[in-house]
Amino acid sequence: MSHLLKSLEIGPLSLKNRLVMPPMATAKAEPDGSVNQSIFDYYSEKSDGGYISLIIVEHSFISHEGQASEYQVSIADDQKIDGLEKLAEIIQNNGSKAVMQINHAGSAAPEDIIGTKPVGPSAVPNPRKGNTPHELTEKEIQDIVEAFSNAARRTKEAGFDGVEIHSAHGYLLNQFYSPLTNKRTDKYGGDVHKRIRIHLEVIEAVKKEVGEDFPILLRLGASDYQEGGTTIEDSKIAAREFEKAGVDILDISGGHSGYMVNGLDGQGFFAPLTEAIKEVVSIPVILTGGITEPEAAEKLLIEGKADLIGVGRAILEDSTWAKRAIESLQ
């Protein structure tokens, strides 16, 4: 078992040991994606005291064509490693574990930022942006797989405790996963096994690059919540395959065009997804979704809805939330 998993499973089943800050874009990076003092200050404030067991740093683009927005953090070249190393140290020195989320925006990449036509699994208008991407060739897919593995290498070289592959919220890997945006008829399209082929290739390439003892997380958009989209039954199949491929933790979200889904509310509204996935895998599962109350987070853990609890917006709005939450539960 990796040092990250050991550290997260120490002690009783309580929020004190299982609290995660999920990735949330800050838009604070330099124009070239370099981290800066503003980002250092942000993560120093959030991790202060080590009350959060695991901090997943915001999604970072693996190549310029995969950039999702202005001032997004970059992990696209080796020149970014030194700054990211300092970021990892800040989080770790405060007592939290640090994971880097790596991502390719696919057809969600704005053309005015990347300077070229966005790419995607199929020439299908992006559900969020409306633009029609260039359909990736198999050779271009392999280039993206390599970009993911290089980004994972940089993550490890920067001293992070693990890496998270992003396949949610309508970005590239999620676009391959969803039948709403994947209309391919080759080996990368069709049933769920073909739609996750690229994921399995990315996981294999990443694992080869970082080794067996470096934890790999995968954020999965486990339901599109749209007619004709992915369902929890698809994701139960996918989750089993990801575990077999070597993923150490599954970080569950939903909604093909973003994490906010009309009609879903309450504390931990993705709990039906995590509960179903926990039935078919033995690796830890992270639950997120509208959690703002410590008692609700603790209850979700005790009821076995998930193994780790992600609290995003509440911590974004109040950097002392984790400290107050844990103290209130003791």
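Take the Cα of Glu204, go 7 Å toward its beta carbon, and the backbone nitrogen atoms of the range 228-248 under 18 Å from that spot belong to 238-248. Estimated from helices alone, the mean residue ellipticity of the chain at 222 nm is -11000 deg cm²/dmol (sum of -39500 (n - 2.57) over DSSP H runs with n ≥ 4, per residue).
Working from label points 7 Å from Cα in the Cα-to-Cβ sense, the Met24 to Glu295 distance is 2.3 nm.
Computing FRET efficiency as 1/(1 + (r/R0)^6) for Glu111 and Arg324, where r is the C-beta to C-beta distance and R0 is 51 Å, gives about 0.70. Taking 37 °C and 0.692 mPa s as conditions, the range 206-330 diffuses translationally at an estimated 214 µm²/s according to Stokes-Einstein applied to its Kirkwood radius (Cα pairs). The stretch between Glu45 and Glu89, if pulled fully straight at 0.36 nm per residue, gains 14.5 nm over its current Cα-Cα span. Sort out for me the Cα centre separation of the range 70-129 from the range 254-330, rounded to whole Å. Comparing the Cα centres of the range 70-129 and the range 254-330, I get a distance of 24 Å. Across all C-alpha atoms in the range 96-200, the radius of gyration and Dmax reach 14.1, 44 Å. If we count every other residue with Cβ under 12 angstrom of Glu243's Cβ, Lys/Arg +1 and Asp/Glu -1, where does the sum land? Charge balance in the 12 Å sphere: +2. Ordering 163-176, 275-288 by mean Cβ neighbour count within 10 Å, with the highest value first, yields 163-176, 275-288. Relative to the globular-protein estimate of 2.2 N^0.38 Å, the Cα radius of gyration of the chain stands at 0.92. Kirkwood radius and radius of gyration were both taken over the C-alpha atoms of the range 9-65, and their ratio Rg/Rh is 1.08.
Rounded to the nearest 20 debye, the dipole magnitude of the chain is 460 debye, with +1 charges on Lys and Arg beta carbons, -1 on Asp and Glu beta carbons, and the Cα centre as origin. Projecting the Cα atoms of His59, Thr231, Tyr71 onto the dipole axis of the chain, where Lys and Arg carry +1 and Asp and Glu carry -1 at the beta carbon, places Thr231 farthest toward the positive end. Label-to-label distance for Gln267 and His3 is 3.5 nm, based on points extended 7 Å past Cα in the beta-carbon direction. In straight-distance terms, cross-link reach from Lys187 covers every one of the lysines whose alpha-carbon lies under 16 Å from its own, apart from those fewer than eight places away in the same chain; here that gives Lys139. Across the chain, C-alpha contacts under 8 Å between residues 6 or more apart give a mean separation that, scaled by the residue count, equals a relative contact order of 16 percent.
Readers should treat all values here as calculations from the given coordinates under stated rules, not as data from a laboratory. Just so we're clear, the structure is a prediction, and the values are computed from it rather than from any experiment. Virtual Cβ from ideal backbone geometry, glycine too; neighbours counted across all protein chains shown.
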